[in-house]
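Encoded as structure tokens, the structure appears first; notes follow it.
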Amino acid sequence: MVTPPQRWALALSAVLTELNHGFHHELGMWGVGEHTAGWCSHALGTSWGVTDAASFRSTADWLWDEGHSAEVLRTLATLGPDTRADDDKVALVRANRGLLDGRGLLAWDMGRYVAVVGWGRWAGYVDEPEAWRRIHGAAMRVQGRFKSWREYGRHYEFGRYYLSQEDDPRCEAVLAALTKDPASPWVELAWNMPLGPGPV
């Protein structure tokens, strides 16, 4: 049984959990089951190129240290006044500078980080204590940078749109449900819930 702070941390990946019809109260969105390890291994391999503990650690560390935030923050740092050479991504960053300053795509990167770490546990690439330490770290990092689940969701969706440059009605519906459905962890769990010191 996960604790409320652990549920809060898992809720960072709530969009992916909904899209994959998973469970918000389970690490990696799945519980113990005959198909869990295979599903998680397949998801990591096909979507992330993760096939073993070394590639898991490399991918998780990239999401934590850089992620797609690094690209956005570099763009912000080099924006000049001339917009004529802006491609679609640069123009999007320029138009949303206030949204991105100091945070980049943190919500997008950490939402996926929590999912990847959970899947890595079931795939056998990381043990459960380390998985929870990583996920708690993500929760602490994110909680102090946003003011609400709604704001976090807005930033997560911006990250998705920045990478795809396409609207996705599925994600729009999921975000709406997460902010309104009484059973949603984003409704049940207060954004400013004390998360505690985390696992040792």
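The values are calculated or read from the model by the stated rules, or taken from the named source; none is laboratory data. Just so it is clear, the model here is predicted, and its values are computed rather than measured. We place every Cβ from the backbone using ideal geometry, glycine too, and count neighbours over all the protein chains shown.
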The correct count of residues that are surrounded by 13 or more Cβ atoms within 10 Å (Cβ to Cβ) and within 15 Å of Thr17 (Cα to Cα) in the stretch 161-180 is 6
Selection over the stretch 98-125 where residues are at pLDDT 95 or above and basic (Lys, Arg) yields a count of 2
Inside the stretch 123-138, the number of residues satisfying the requirement of being under 16 Å from Arg112 (Cβ atoms) and either surrounded by fewer than 21 Cβ atoms within 10 Å (Cβ to Cβ) or touching a Cys at 6+ places or on another chain (Cβ under 8 Å) (or both) is 2
The number of residues in the stretch 88-114 that are out of contact with any helix residue (DSSP H, G or I) (no Cβ under 7 Å at 6 or more places or on another chain) and surrounded by fewer than 14 Cβ atoms within 10 Å (Cβ to Cβ) is 5
Among Ala95, Ala123, Ala85, Ala131, the single one that is more than 15 Å from Trp48 (Cβ to Cβ) and touching a residue at least 24 places away in the same chain (Cβ under 8 Å) is Ala131
Of the listed residues (Glu151, Glu128), the one being over 21 Å from Met1 (Cα atoms) and either at pLDDT below 95 or in contact with a helix residue (DSSP H, G or I) (Cβ under 9 Å, 6 or more places away or on another chain) (or both) is Glu151
For the stretch 21-46, pairs from a residue that is under 18 Å from Gly111 (Cα atoms) and among the acidic types (Asp, Glu) to a residue that is modelled with pLDDT under 95 and surrounded by fewer than 18 Cβ atoms within 10 Å (Cβ to Cβ), with Cβ under 8 Å and 6 or more apart or across chains, are Glu26/Val2
The lone condition Tyr152 fails out of (1) assigned to a loop (DSSP other than H, G, I, E, B); (2) buried (at least 22 other Cβ atoms within 10 Å of the Cβ); (3) aromatic (Phe, Trp, Tyr) is (1)
Residue count, the stretch 87-108, condition in a helix (DSSP H, G or I), more than 23 Å from Phe23 (Cβ to Cβ) and within 19 Å of the chain's Cα centre (by Cα), comes to 3
Log entry, pairs with first residue in the stretch 57-77 being on the phi > 0 side of the Ramachandran plot, second being among the hydrophobic types (A, V, I, L, M, F, W, C) and buried (at least 17 other Cβ atoms within 10 Å of the Cβ), beta carbons closer than 7 Å, six or more apart or on different chains, reads Gly67/Leu105
Inside the stretch 155-200, the number of residues satisfying the requirement of being assigned to a helix (DSSP H, G or I) and either under 18 Å from the mean Cα position of the chain (by Cα) or closer than 24 Å to Glu26 by Cβ (or both) is 25
Matching residues in the stretch 1-59 (assigned to a helix (DSSP H, G or I), of a type in the set (Gly, Ala, Ser) and either touching a Cys at 6+ places or on another chain (Cβ under 7 Å) or at pLDDT below 95 (or both)) number 1
Scanning the stretch 16-34 for residues that are surrounded by 24 or more Cβ atoms within 10 Å (Cβ to Cβ) and farther than 12 Å from Tyr113 by Cα, the one nearest to the chain's Cα centre (by Cα) turns out to be Thr17
